[in-house]
1. Among the aspartates and glutamates, which have Cα under 18 Å from the Cα of residue A:67 when same-chain residues fewer than 8 positions away are ignored?
2. For A:33-40, what's the mean count of beta carbons from other chains sitting within 10 Å of each residue's beta carbon?
3. Net charge within 12 Å of residue A:30 by Cβ-Cβ distance, Lys/Arg positive one each and Asp/Glu negative one each, not counting residue A:30 itself?
4. Ranking B:118, A:75, A:65, B:32 by Cβ neighbours within 10 Å, fewest first, what do you get?
5. Looking only at other chains, what is the average number of their beta-carbon atoms within 10 angstrom of each beta-carbon in A:86-93?
6. Could you give me the ³J(HN,Hα) list for the stretch A:45-56, computed from phi with Karplus coefficients 6.51, -1.76, 1.60 and θ = phi - 60°, whole Hz, x at Gly and Pro?
7. Once the piece of chain linking residue A:60 and residue A:7 is laid out straight, how much longer is it, given 0.36 nm per residue of separation minus the C-alpha distance between them?
8. Averaged across A:43-52, how many Cβ atoms of other chains sit within 10 Å of each residue's Cβ atom?
Amino acid sequence: QKEVEQNSGPLSVPEGAIASLNCTYSDRGSQSFFWYRQYSGKSPELIMSIYSNGDKEDGRFTAQLNKASQYVSLLIRDSQPSDSATYLCAVSHSSASKIIFGSGTRLSIRP
Amino acid sequence: EAGVAQSPRYKIIEKRQSVAFWCNPISGHATLYWYQQILGQGPKLLIQFQNNGVVDDSQLPKDRFSAERLKGVDSTLKIQPAKLEDSAVYLCASSYSGGVGEIYNEQFFGPGTRLTVL
């Protein structure tokens, strides 16, 4: 079992719709959770971090964390073509602070 | 605020040659990370420094890879000798804290160095 699992996609979503990206992790002691966006040929860019159960909203992005189910998700509202990228889920255990990345989900927003 | 700087951006070498990458973290960031990202995969941590000490190098192939962070600021990653499977993007990241016991360790990445080994 991989430490951080994501569906590789591609996930195709029409422009203006909600894109839902999901991630599961295996370490129950994980404390920090991150979503990075990576455009082709570019480096990862931090878009959301979440540390406690529930929802965290930032503009069109909402991160959701459920530690009991070991599940973290990212919702993108009003999807735009510029949101087309690979989204990396990353998880960190507080005592080690090493971040483990998933393999990413490719998101494509179709006009 | 300036971001993480890396050089070179691209490097092409032949197998068995050596190569070095340089990273300058965001000012004030104590923790520096080197990652290897192979196409289609997420970044894999090679080494993590806290100031100029090594926190984690468990996935660094020490027979050919080495890294140092002198004076707790800039860092270099070296590969000697390179193999074909080392072809990847090498990413440097930094975070303000990221020490043992800390949970707020948001990392910010540099532009990366794309290495091709022929």
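Every number in this text was worked out from the coordinates using simple rules, so none of it is lab data. Everything numeric in this text was worked out from a predicted model, so none of it was measured. When we count neighbours, we look across all protein chains shown, and the Cβ atoms used for this are built from the backbone with ideal geometry, even at glycine.
1. Filter leaves A:3, A:5, A:27, A:55, A:57.
2. Partner Cβ neighbours, averaged per residue: 1.
3. That works out to +1.
4. B:118, A:75, A:65, B:32
5. That average works out to 2.
6. 10, 5, 10, 8, 10, 9, 10, 10, 4, x, 10, 9
7. Residue separation times 0.36 nm, minus the Cα-Cα distance, leaves 16.9 nm.
8. Mean partner shielding for this stretch: 4.
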